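Input: a single structure, listed below in structure tokens.
Coordinate-derived values only; no laboratory data. Since this is a predicted model, take the numbers as computed values, not measurements. Positions of Cβ are backbone-derived with ideal geometry, glycine not excepted, and every protein chain shown enters the neighbour counts.
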Amino acid sequence: MRALLIRIGQVALTFALFSLCNALASQFEIENNVSILFPATAIAILACMTFGWWAAIGVVLGTIVTPWGGMSFKTLLMSGLISAVEGIMPWVVFRIRRDISHDLRDMRSLAVFFVFGCVLNTGFSALAGNLLIISHPAGTYLVWREVFVWWIADFTAALLVAMPALAFGHALFSRIGGTTHRELAERPRTIANAIQILAVIVLLGFAMSFVIRMSLLNVLEGERLEQQRTWAKATVLVNRIHDNFLGIAAMDESDPRRTAMLDAARHLNDAEFNALEPALAHTSPELSRAVPEIRALTQKWFAGHGPNAAQVSARILALRGDVEAADGKSWAEFGRKRARIMFVVGLVDGFVFLILVAASLTLMFNISRPFTQVRESINAMGEGEPVDPEKIESGYLEFRSLAGALAETQAELHRREGALRLQTERALAASRHKSDFLAKMSHELRTPLNSIIGFSDLLAEQEETIDHVKRINFLENVATSARHLLHLINDLLDVSKIESGKMKMHFENVDLRRSINNTVRSTSPLFVRKRQQVVVSIPEEPMIVRADPSRVEQILLNLLSNANKYSGEGKPVSVISEKLDGRWRIEVRDRGIGISEEDQARIFEDFEQVYTRGPNSSGTGLGLALVKRFAEMQGGEVEVRSKVGEGSTFAITLPAVEQAADSRQQAAGFRY
Ligand code: ADP
């Protein structure tokens, strides 16, 4: 029900606007029932494009209620149908071709509308209208001049009213039509498209006004000149007929020359009438109809029977008066037509100008505002403030993609800023670390040196009094400190070589079983001293990795000596190896003092020791740092699991090298 009411409303609106425009158009007739201004075409097109075929009912009704020049009902109905087809044609094309858009937002839609909504439909209407509606003299079916005027009037209305309304008022029209075009939002307009539409409308609009001015005014003026010439000729001829007649009528009847002269005058009279008739037939059918009667009157007079001379003279003079009156009338008609054409030309020019101004202002506003917003966003970005590119208000695709690019740039800047911050933090931490390292290193060097100097001084000073046992004791202290110093310097050299990238690694296929056995063997005196048992479990198969054997042994040596150092007397130590996910893993487990979770995080750093004094502080704090570095340099890693008081497990994993079955034994035999 509601839908029906809406339909009726749409038909009524179309009807009202169409009949108004149709009535207005009748005031601008310049040809036989053809007007040079026909805005109703635009109404028909817009109504059909917006409401669909229902609008055609309004168009037909509108034509019938505002008839022109006494047309029959049948002709009016025909005329209404032609206007309806004119409106429906583009609607049908846009309905069939779903890929083109009603709001002409791309070049293709614009071109399709131009062809079917401006050129072809108005061309059809002009031809069909001239054939079926305009009455012509018998035998004439088409008058091209009338077709041209009809077409120009309809085309101009479609181009200057329907096209810009559809192109720029799409949102408004789709709302009136009761449909919301979701595609509007999905297919944003581009500035280039807006300028294209504007260019088409403005250029063709001015071209139309030029064509109207040049062709119609030209033709009208040419016609008028032709008429003027005929009227002048007719006046001269009528004057001559009159002079000839008066000359002979005024002659004395007794004059002996009269008979001869009468004959000559009659011939002249016939000749003049012969010239007058076709001249008038061309320009004024009514006047030419009056001529034969006057001619017959003169002929009767010349034959000697008929009206008296005064009556004949009066009729000839009346004809002259009629010719002059007709001349005046055609001047008036010319003036009226000229005024109509000039008015329409002015209207077209004014309309195009208005469209140009309105579109330029809208474009300027729609471009300058988002431009300002883009500039502000870039400024804000430059100052490091967060910007929301979504806030750039523009329906134009160009600005939307600019906003997208800004959003991406902002994200990229954020990413780089984060990376830079991280780098700076790392650099600062490295510099701090270096200072700490230097401070600790000098401290670590000074302690054993002080001890060496102190004990050597004591030995030197108390040379006389010192007993043998004490001397041995002092010398042992000096030796321990010197060994510690050597150990420290060796470790330091390794660290600095690694840091400066000068540490040379000699990679080869290494069987880890051999490395384990070597290190267990070389550290066994330490374990014997503390009565600690070392349990080694290694697989049958070779544990081949790509590594530097001396560095692998250095790793294991550090781990084993730590296990020995930080475990009490008699506490067992085990070395367990297994293969996990293509990597060899060696665990060194002890039941020693253990490391708290907090300390586990830092023991792999240079000079980090859990205890800096007391019985568990004898090391350099560089051992685990080297273990980690060496492991990583060989594609491996190191991890720790520990609980205070229960013991620790240090594990090192290295990527295994897969051996071919036959070469396995050989490799094992060669290395192990
Ligand atoms: P250090 O020369 O002092 O042993 P490391 O770098 O080898 O230096 O070890 C750093 C610290 O980690 C040691 O001072 C010690 O406190 C702790 N640590 C290392 N291994 C063990 C372990 N097996 N048991 C308990 N603590 C350990």
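Set against the 2.2 N^0.38 Å expectation for a compact globular protein, region 410-456 has a Cα radius of gyration ratio of 2.12. Could you give P(r) for region 305-444, binned at 10 Å from zero, as whole percent values over all Cα-Cα pairs? Using 10 Å bins, I get a P(r) of 9, 15, 11, 10, 10, 9, 7, 6, 6, 5, 4, 3, 2, 1, 1, 0, 0 for region 305-444.
Put in line by how crowded their Cβ is, counting other Cβ atoms within 10 Å and starting with the fewest, Lys391, Lys502 read Lys502, Lys391. Kirkwood radius, region 445-495, all distinct C-alpha pairs, inverse of mean reciprocal distance: 11.6 Å. Evaluated at q = 0.08, 0.17, 0.18 Å⁻¹, the base-10 log of the normalised Debye intensity for region 489-645, with identical point scatterers placed on the Cα atoms, takes the values -0.22, -1.09, -1.22. Each 10 Å bin from zero up to the one holding the largest Cα-Cα distance in region 1-100 carries the following percent of pairs: 17, 46, 28, 8, 1. Listed peptides 246-256, 553-563, 232-242 appear in the order 553-563, 232-242, 246-256 once ranked by packing, highest mean of other Cβ atoms within 10 Å at the front. The fewest-to-most ranking of Ser451, Ser360 by surrounding Cβ atoms within 10 Å reads Ser360, Ser451. With N set to the residue count of region 410-562, report its C-alpha Rg divided by 2.2 N^0.38 Å to two decimal places. Rg over 2.2 N^0.38 Å, computed on Cα atoms: 1.56. Taking every DSSP bridge with both residues inside the chain, close to 90 percent are antiparallel. The largest-to-smallest principal axis extents of the Cα set in the chain are 199, 57, 53 Å. Over all orientations, region 49-158 has a Cα convex hull whose mean projected area works out to 7.5 square nanometres. Ordering Arg340, Arg531 by the number of other Cβ atoms within 10 Å of each residue's own Cβ, fewest first, gives Arg531, Arg340. Of the GluC sites (Glu not before Pro) found in region 455-534, those in coil by DSSP whose Cβ has at most 10 other Cβ atoms within 10 Å are Glu463, Glu464.
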